[in-house]
Amino acid sequence: MIDINNIKVRRALKEHDKYCKDRRVIQSNNFFIAADEKNNNIIATGELDIINQEEANLGIDIAIEEINEHEITIKFINEILYWNPFLKTIRYEKGEFNNHNASDLEVVSIEDIQPSQLYISKDKIRKVSSWLDSYEKVIIPVVEIDGRYVSTDGHTRLVQAFINGYKNVYIYMDKDIDSETSRVFVDWCRDENITSIKDLSSRLINRKEYEVKWIGRCENCFKSLEDKQ
């Protein structure tokens, strides 16, 4: 019997795309895997179809029969709500989960958002452009710093929203990130005169550059912050 405590659910990587049945789920970054942390074997996959800002359908495909279906379902739901805390109802094959602590959404002007990211991956933009067809699908976590909303994730969606000409987007308050950590990234942006999504939209680079200039810089920053603790 597999110990459920050794199973970690996370968003799937490109190498896991072959396990996904619905390509739309991959494009919208809503494909999840459950893997045994001891040997990294894939135990189950989860494909999330977000119907609207409140409801979603979750399809789970379990690869190993002896796993507890209810427990693995809850693990998928917990990970999904980490990324989508605004969802109120998640339906799956044998029932539904009702989130009574869903985050409130607010419509704001895209011009009111300060980015906390220096670059955008062209590869990611291509993916987002394939499915983003309404401003109602742009739902972004933010913190408030110096009286401005600062986006903590979803920068690719924001840039594509700007490219699409959307004037407004949806936001919710990010309760899982330290605003002081975000301030570091905001200072980076301000140092390079990136104070709006319009500014960020001119910073599209290829995947390899993105990994070095942004991912690498972030990793070094987090390591430095950990060393100081």
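From (1) part of a strand (DSSP E or B); (2) within 27 Å of Asn193 (Cβ to Cβ); (3) among the basic types (Lys, Arg), pick out the condition that doesn't hold for Lys124.
It fails just one condition, (1).
Val25 - would you say it is over 17 Å from Ala63 (Cα atoms) and within 15 Å of the chain's Cα centre (by Cα)?
Yes; evaluated as a whole, the condition is true for this residue.
Have a look at Ile43, Ile33, Ile50, Ile62 and point out the one that is touching a His at 6+ places or on another chain (Cβ under 6 Å) and at pLDDT 90 or above.
Only one candidate passes the filter, namely Ile33.
Tell me whether segment 134-141 contains one or more residues that are in a helix (DSSP H, G or I), surrounded by 17 or more Cβ atoms within 10 Å (Cβ to Cβ), out of contact with any Pro (no Cβ under 7 Å at 6 or more places or on another chain) and not assigned by TED's automatic domain parsing to the domain that holds Asn29.
Yes, the conditions are met somewhere in segment 134-141.
I need the full set of residues from segment 86-118 which are buried (at least 21 other Cβ atoms within 10 Å of the Cβ), in a loop (DSSP other than H, G, I, E, B) and assigned by TED's automatic domain parsing to the domain that holds Asp61, in order please.
Once the filter is applied, which keeps residues that are buried (at least 21 other Cβ atoms within 10 Å of the Cβ), in a loop (DSSP other than H, G, I, E, B) and assigned by TED's automatic domain parsing to the domain that holds Asp61, segment 86-118 yields only Leu87.
Of the conditions (1) free of Cβ contacts under 8 Å to residues at least 24 places away in the same chain; (2) within 17 Å of Ser130 (Cα to Cα); (3) aliphatic (A, V, I, L, M), Ala63 fails just one. Which one is it?
Going through (1) free of Cβ contacts under 8 Å to residues at least 24 places away in the same chain; (2) within 17 Å of Ser130 (Cα to Cα); (3) aliphatic (A, V, I, L, M) one by one, Ala63 breaks only (2).
Taking the condition assigned by TED's automatic domain parsing to the domain that holds Ala12 and touching a helix residue (DSSP H, G or I) at 6+ places or on another chain (Cβ under 8 Å), does Ala44 pass?
Against the criterion (assigned by TED's automatic domain parsing to the domain that holds Ala12 and touching a helix residue (DSSP H, G or I) at 6+ places or on another chain (Cβ under 8 Å)), Ala44 qualifies.
Of the residues that sit in segment 45-61 and are charged (D, E, K, R) and part of a strand (DSSP E or B), which one is farthest from the chain's Cα centre (by Cα)?
Residue satisfying both the conditions and the ranking: Asp61.
Using the structure shown, decide if Ile77 is hydrophobic (A, V, I, L, M, F, W, C), part of a loop (DSSP other than H, G, I, E, B) and either buried (at least 17 other Cβ atoms within 10 Å of the Cβ) or in contact (Cβ under 8 Å) with a residue 40 or more places away in the chain (or both).
No, not satisfied.
Those residues that are part of a helix (DSSP H, G or I) and either under 12 Å from Val150 (Cα atoms) or of a type in the set (Gly, Ala, Ser) (or both), I need them from segment 160-189; list them, please.
Within segment 160-189, Ala161, Ser179, Glu180, Thr181, Ser182, Arg183, Val184, Phe185, Val186, Asp187, Cys189 qualify.
If Tyr170 meets every condition in (1) free of Cβ contacts under 8 Å to residues at least 60 places away in the same chain; (2) on the phi < 0 side of the Ramachandran plot apart from one, which number is that one?
(1)
Among the residues of segment 27-44, write down those that are in a strand (DSSP E or B) and of a type outside the set (Asp, Glu).
If the condition is that a residue be in a strand (DSSP E or B) and of a type outside the set (Asp, Glu), then Phe31, Phe32, Ile33, Ala34, Ala35, Ile42, Ile43, Ala44 are the ones that fit.
Working only within segment 1-20, note down all residues that are in a loop (DSSP other than H, G, I, E, B) and surrounded by 14 or more Cβ atoms within 10 Å (Cβ to Cβ).
Of everything in segment 1-20, those that are in a loop (DSSP other than H, G, I, E, B) and surrounded by 14 or more Cβ atoms within 10 Å (Cβ to Cβ) turn out to be Ile2, Ala12, Cys20.
Give the residues of segment 1-42 that are under 15 Å from Ile67 (Cβ atoms) and acidic (Asp, Glu), sorted by residue number.
Hits for segment 1-42 are Asp3, Asp36, Glu37.
The values are calculated or read from the model by the stated rules, or taken from the named source; none is laboratory data. Model, not experiment: these values are computed from the prediction. Don't worry about glycine lacking a Cβ; one is built from the backbone with ideal geometry, like all the others, and counts go over all protein chains shown.
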